[in-house]
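The values are calculated or read from the model by the stated rules, or taken from the named source; none is laboratory data. This structure is a prediction, so every number in the text was calculated from the model and none was measured. Quick reminder, even Gly has a Cβ in these numbers, built from the backbone with ideal geometry, and neighbours come from all protein chains shown.
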Amino acid sequence: MRMLQRMRPRRTPSRSSFLKTIDDRHRPLVDNRSAGGDGAVSFSALAAMAVDFAPAGTARGAVVEAIGRGIGRVAAHELAHQILPNRNLHASTDETSYDFADVNRQAQFYGPIGWDRAGPWLRIALGERPPVAAGR
């Protein structure tokens, strides 16, 4: 995931780890229960929003990409809740951030976004990789 590209998450077979993802079509794409809460990503709702926020004349392929982008961005936000269970990830006023409280916005699907307040907290929690040299 691009949101974690410079951080150091570790994979573990441990069932007690605090971060879990589910690859099961009959369950939510993201599950926050291990962090003491629930979180889910709804394909139908996000697909409808991506269509609604598409600029006039947007090609079908670009809308399909926006649906995937929107799902990924919500999943990144929900995973951040698991990694930072005691932080308020809804306090950002920057609509172009992963940690903005509302998905019902054009930036969720179209254009670049980044971390606002949660960025430094995630770097502390996960560690940070050194930048990759150009040409690699």
Q.
Restricting to region 117-131, and then to whatever is free of Cβ contacts under 8 Å to residues at least 40 places away in the same chain and part of a loop (DSSP other than H, G, I, E, B), can you tell me which residue is nearest to LEU89 (Cα to Cα)?
A. ARG117
**Q.** Those residues of region 106-131 which are of a type in the set (D, E, K, R) and surrounded by 16 or more Cβ atoms within 10 Å (Cβ to Cβ), in sequence order
**A.** ASP116, ARG117
Q | Yes/no for LEU89 being in contact (Cβ under 8 Å) with a residue 24 or more places away in the chain, touching an Asp or Glu at 6+ places or on another chain (Cβ under 6 Å) and outside any strand (DSSP E or B) | A | yes
Q | Boolean, VAL103 is modelled with pLDDT under 95, β-branched (Val, Ile, Thr), surrounded by 17 or more Cβ atoms within 10 Å (Cβ to Cβ) and touching a strand residue (DSSP E or B) at 6+ places or on another chain (Cβ under 8 Å) | A | no
Q) Any idea which residue in region 90-101 is nearest to PRO112 (Cα to Cα), counting only those that are out of contact with any Lys or Arg (no Cβ under 8 Å at 6 or more places or on another chain) and hydrophobic (A, V, I, L, M, F, W, C)? A) PHE100
